[in-house]
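Participant: What follows is a single structure, and I will ask about it in a moment.
Nothing in this text is a laboratory measurement; each read-out follows from the coordinates by a stated rule. What you see is a predicted model, and the numbers here were worked out from it, not measured in a lab. FYI the Cβ positions are ideal-geometry reconstructions off the backbone, even for glycines, and counts take in every protein chain you see.
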Amino acid sequence: MKKLLITILFFLLFLCIYFIKDKSSLYKVHKINSPICFFIDTNNNFIFDEKTPFTLEEIDYIKSDTDYSSDFLFKNLSLDEKILLEYLANETSKKLLKNKFVIIKNNNLLIENKNCRDELLKSGYFYDNTEISKKNLLNKIKSINISNYLILNKKSKKYHKLSCQNAKSSDQYKIIHKDNLEKKYSPAKCCFNQPKFKVSEKNLLNTYYKKKYSKNNIIIYFLDLNSIFIPNNSCNTEACLALKEIIDNSKESIDFALYGFNNQPIIYQSLLNAKKRGVKIRWVSNYENNDIKYYPDIEKLKHTFTDFNTNENSYSKGIMHNKFFIIDKKVVFTGSANITSTDLSGFNANYSILIKNKDIARIYTDEFMQMYNGNFSKNKKSLIKDIVKIDNKTKINILFSPQDNIIDNNIIKLIDYAQNYIYISAFFITNKNILKHLLDAKERGIDIKIINDATNASAKYTIHKELRKSGIKVKTENYAGKMHMKSIIIDDRFSIIGSMNFTYSGNYKNDENVLIIDNKEIAEFAKNTFLHLWQKIPQIYESQDPRAESKESIGSCFDGIDNDFDKKIDKEDEGCFIKK
């Protein structure tokens with residue numbers, strides 16, 4: 001009996017020694033200093049030493065105060081995205097490690113036999129040196145609706161947008177999902193008040209505007225749809241004359257990508273003269289029966305300038321919808337205008353932009369060469385390119401469809417971060433994601449105005465009626481020419497100009513180019529041209545849509561154009577019948 005008791009005592013002592021020894025390798029995480037840096041009770045005395053934090057190596061997270069412009073994958077992250085990603089990384093670390101016991105092994109932490117570094121990477125809010133982990137992080141933020149997150153200041157009982165400067169004025173703040181917001185909290189006026197910028201309808205008639213912006217090798221031409229009611233091929237607008245001049249001055253090469261070319265003999269002759277001078281001319285275009293019908297001079301180009309490639313059988317896969325020229329690899333002419341008698345004459349509303357910059361010309365050349373070599377739409381590769389800084393006041397982000405997913409990755413973000421106003425001039429606007437985020441912006445008090453084309457007003461997937469129902473002001477133009485722009489102006493800062501309509505095909509299928517220009521003066525120029533068009537359209541067309549070819553649309557019954565694509569022109573169209 002005595003021996004048995006001694007044996008049991010020795011066994012219990014052994015267990016105690018084993019247990020104490022085993023527990024000595026377990027350390028408690030007392031504090032999360034950052035998502036990858038922790039204070040651990042390495043002495044097992046329930047006291048942590050802030051002078052000796054433990055940091056996980058070979059893993060990182062997005063920091064809100066860091067510039068990622070050198071990393072092409074992260075360079076387009078907005079401040080709101082960086083703030084949210086930093087917060088979610090921190091919350092992930094807290095959930096995994098705070099007040100938990102860990103084992104330190106090979107400069108890593110193990111918790112319940114799991115590698116902490118691997119567990120954090122699996123969450124999607126952390127990355128290592130591999131491109132896969134970085135792309136996982138970007139995919140994670142794409143799946144999150146950032147507008148659903150707010151910064152709540154418990155002390156003031158106000159909530160702010162993530163990037164609001166006053167959001168962290170007190171240390172009693174946290175980021176929450178708006179669904180968890182209690183009624184006792186109210187919006188902070190500095191973030192959610194009605195915008196300071198608000199255009200008075202009474203003062204719109206006095207809005208000052210110019211038809212051209214020119215500074216620092218950037219020239220933007222505004223082609224106005226309410227000045228010319230019959231299209232012409234005289235090439236007497238500033239935009240057409242500018243294109244003619246750069247072609248006439250070309251010395252080595254002209255590369256161009258055009259969806260539409262028709263009835264512009266002066267531009268055609270300039271190209272022909274350049275060829276005779278020995279200038280190398282290459283081009284790409286779309287080539288379907290429908291294109292030949294509307295733009296028969298594409299056939300003329302094929303017989304004269306034989307160094308080309310065309311995108312055929314494209315309507316199911318995506319059309320080549322660009323309208324740009326690259327001259328001598330140092331000048332770019334682009335925008336929403338086709339090289340036609342309707343667009344370059346000012347019959348249709350368009351922006352054309354001329355930029356003298358070798359970096360921008362190189363980016364456009366890289367895109368052109370993909371199509372010239374026969375790779376259109378989704379067969380192209382994403383280009384690695386930086387935002388081009390023209391001067392201290394001007395940055396230009398050049399984007400191409402479908403690879404850059406322009407609406408989801410860029411336009412939506414700018415809509416979400418608008419502080420004062422969003423003005424849109426659109427030939428087609430059907431994208432449901434844009435609809436959702438414009439409705440959110442309206443709730444924030446943003447001043448939104450949209451000019452819609454009359455053709456789009458009868459389109460199957462138009463969203464302008466839903467926008468109107470929500471209280472957003474949408475006017476449908478009532479002129480013979482088309483509202484052919486694809487433009488958005490935001491907050492006297494950002495101007496979006498390009499060939500892409502705001503549609504599913506424009507974003508995900510077609511070959512398109514879009515410039516997002518960060519420049520105050522250019523945004524003010526574009527804003528004033530928008531307001532000029534806005535005040536020209538009667539207020540009645542805020543609530544109803546004029547027919548594209550009818551007595552309601554000025555000049556449409558004598559312009560010689562099938563404005564509504566029903567194969568009837570002018571007096572043949574029911575909308576233009578004169579009642580006896």
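Participant: Expressed as an acute angle from 0 to 90° and rounded to the nearest 10, what is the orientation of the C-alpha long axis of helix 238-248 relative to the principal long axis of the chain?
Facilitator: So the helix axis and the longest Cα principal axis differ by about 90 degrees.
Participant: Okay, moving on. Taking the dipole about the Cα centre of the chain, with the C-beta of Lys and Arg at +1 and of Asp and Glu at -1, give me whichever of PRO231, THR42, PHE308 is farthest to the positive side.
Facilitator: Looking along the dipole axis, the top candidate is THR42.
Participant: Computed from the coordinates I sent, volume of the Cα convex hull per residue in Å³ equals one of (i) 173; (ii) 214; (iii) 260. Tell me the label.
Facilitator: Answer label, from the structure shown: (ii).
Participant: Then there is this: In the structure displayed, which of LYS215/LYS358; LYS293/LYS460; LYS251/LYS393; LYS63/LYS486; LYS317/LYS385 lie more than 28 Å apart, Cα to Cα?
Facilitator: LYS251/LYS393; LYS63/LYS486
Participant: Pairs of alpha-carbon atoms within less than 8 angstrom and 6+ residues apart define the contacts here; what relative contact order does the stretch 24-129 have, in percent?
Facilitator: Once divided by the residue count of the stretch 24-129, the mean separation gives 32 percent.
Participant: Still on this structure, I have one more. Treating only the Cβ atoms of Lys and Arg (+1) and Asp and Glu (-1) as charged, compute the dipole magnitude of the chain about its Cα centre; round to the nearest 20 debye.
Facilitator: 1880 debye
Participant: Here is a follow-up. Over the stretch 532-580, how many pairs of lysines fall under 20 Å by alpha carbon, counting only those 8 or more apart in sequence or from different chains?
Facilitator: For the stretch 532-580, qualifying lysine pairs total 9.
Participant: Quick one: net charge of TYR294's neighbours, Cβ under 15 Å, K/R +1, D/E -1?
Facilitator: Surrounding charge for TYR294 is -3.
Participant: Roughly what angle does helix 131-142 make with the longest principal axis of the chain, taking Cα atoms, 0 to 90 degrees, to the nearest 10?
Facilitator: Taking Cα atoms only, the helix is inclined about 70 degrees.
Participant: Moving to a separate point now. Give the percent of DSSP beta bridges with both residues in the chain that are antiparallel, rounded to the nearest 5.
Facilitator: Taking every DSSP beta bridge within the chain, about 70 percent pair in antiparallel fashion.
Participant: How high is the relative contact order of the chain, given as a whole-number percent (alpha carbon pairs under 8 Å, six or more residues apart)?
Facilitator: Reported as a whole number, the value is 11 percent.
Participant: Excluding same-chain residues fewer than 8 positions from LYS389, which aspartates and glutamates have a Cα within less than 13 Å of its Cα?
Facilitator: Reachable aspartates and glutamates: ASP359, ASP518.
Participant: Going by a ≥ b ≥ c, the root eigenvalues of the Cα gyration tensor, does the stretch 332-376 fall in the rounded group (a/c under 1.5), the prolate group (a/b larger than b/c) or the oblate group?
Facilitator: Verdict is oblate for the stretch 332-376.
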